[in-house]
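Beneath this line is the structure, given in structure tokens, with notes to follow.
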Amino acid sequence: MKKLTSLAASVAVVSTMAAPALAETWDMPMAYSGSNFHSVTGAEFGKCVTTGTGGDIEIVTHPSGSLFKGADIKRAVQTGQVNIGERLLSGHQNENALFGFDSVPFLATSFDDADKLWKAAKPTIEKVLADQNLTLLYAVPWPPQGLYFRDEVNSVADMKGIKFRSYNNATSRLAELTGMLPVTIEAAEISQAFATGVADSMVSSGATGYDRKVWESLNYFYEVDALAAAQLRDGEL
């Protein structure tokens with residue numbers, strides 16, 4: 001299956017990593033629903049931390065943006081409102097372009113390539129986060145991406161004026177190149193946004209489509225071939 005992005009940006013878990021003096025409970029805000037594989041992974045990570053610390057640290061996950069909205073999670077950790085959190089790194093590429101390193105179309109087109117890309121970028125990402133008083137704990141890649149639409153599209157011209165859910169600079173740029181109208185919508189708000197007509201399309205993984213039951217509002221899913229992605233990237237369409 002073709003990928004629009006490099007397995008769409010990694011989701012990273014960051015922490016201030018303050019050592020507990022006594023047994024502590026750490027709240028961990030997460031942007032995605034409890035059934036999403038990122039949230040399931042986070043819950044398992046929390047169990048491992050509790051076991052590994054002999055109960056000194058208990059991590060309680062808060063999925064679906066229930067504690068902090070996705071865009072606010074990184075700042076909440078930086079300012080000490082919580083000790084740990086999960087965030088889509090490319091959602092902050094407006095503050096540092098490096099955070100969008102894996103949102104470049106077709107830079108990595110398999111999980112093996114994404115792993116190589118992550119290993120190449122990781123030391124620099126760790127340094128950038130460390131300068132912000134954050135410690136990178138782990139990162140998880142997304143599966144392949146595709147385009148979802150409420151109505152059928154047969155060309156880029158058909159996309160003009162469609163309200164498009166964006167979540168980082170790269171997806172906003174995609175909307176701009178195709179004549180669509182970018183609307184910033186967090187993952188937890190996707191279902192409601194499509195149901196109420198706030199947005200009519202998005203680019204995302206099959207995992208997100210399944211997790212948010214987007215078939216209840218959107219009717220079409222398209223893969224993006226390499227030539228089309230390259231033209232979108234270079235602004236030729």
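The values are calculated or read from the model by the stated rules, or taken from the named source; none is laboratory data. Since we're looking at a predicted model, the values are computed, not measured. Neighbour counts run over all protein chains shown; Cβ positions are idealised from the backbone, glycine included.
Scanning the range 42-68 for residues that are touching an Asp or Glu at 6+ places or on another chain (Cβ under 6 Å) and either in a helix (DSSP H, G or I) or not assigned by TED's automatic domain parsing to the domain that holds Gly85 (or both), we see that the one that is surrounded by the most Cβ atoms within 10 Å (Cβ to Cβ) is Gly42. Out of all the residues in the range 212-234, is one or more buried (at least 17 other Cβ atoms within 10 Å of the Cβ), in contact with a Leu (Cβ under 9 Å, 6 or more places away or on another chain), at pLDDT 85 or above and farther than 19 Å from Trp142 by Cβ? Within the range 212-234, not a single residue is buried (at least 17 other Cβ atoms within 10 Å of the Cβ), in contact with a Leu (Cβ under 9 Å, 6 or more places away or on another chain), at pLDDT 85 or above and farther than 19 Å from Trp142 by Cβ.
Within the range 73-89, can one find any residue that is part of a loop (DSSP other than H, G, I, E, B) and within 14 Å of the chain's Cα centre (by Cα)? Outline the logic, then answer.
To start, the set of residues in the range 73-89 that are part of a loop (DSSP other than H, G, I, E, B) comprises 79-83.
From what is left, the residues that are within 14 Å of the chain's Cα centre (by Cα) are none.
Among the residues of the range 73-89, not one is part of a loop (DSSP other than H, G, I, E, B) and within 14 Å of the chain's Cα centre (by Cα), which makes the answer no.
Screening Tyr148, Tyr138 for residues that are closer than 23 Å to Phe37 by Cα, of a type in the set (Phe, Trp, Tyr) and surrounded by fewer than 19 Cβ atoms within 10 Å (Cβ to Cβ) leaves exactly one candidate, Tyr138. Exactly one residue out of Ala108, Ala139, Ala121, Ala114 is touching a residue at least 12 places away in the same chain (Cβ under 8 Å) and part of a strand (DSSP E or B): that is Ala139.
For residues in the range 179-211 being part of a strand (DSSP E or B) and of a type in the set (Gly, Ala, Ser), which is nearest to Trp142 (Cα to Cα)? Let's see the steps before the verdict.
The initial filter retains those residues of the range 179-211 that are part of a strand (DSSP E or B), namely 181-184, 201-205.
Restricting the remaining residues to those that are of a type in the set (Gly, Ala, Ser) gives 201, 204-205.
Numbers: Ser201: 19, Ser204: 9, Ser205: 7 Å.
For the range 179-211, the residue satisfying everything is Ser205.
Counting only residues that are modelled with pLDDT of 90 or more and either buried (at least 19 other Cβ atoms within 10 Å of the Cβ) or within 18 Å of the chain's Cα centre (by Cα) (or both), the range 114-125 holds 6 of them.
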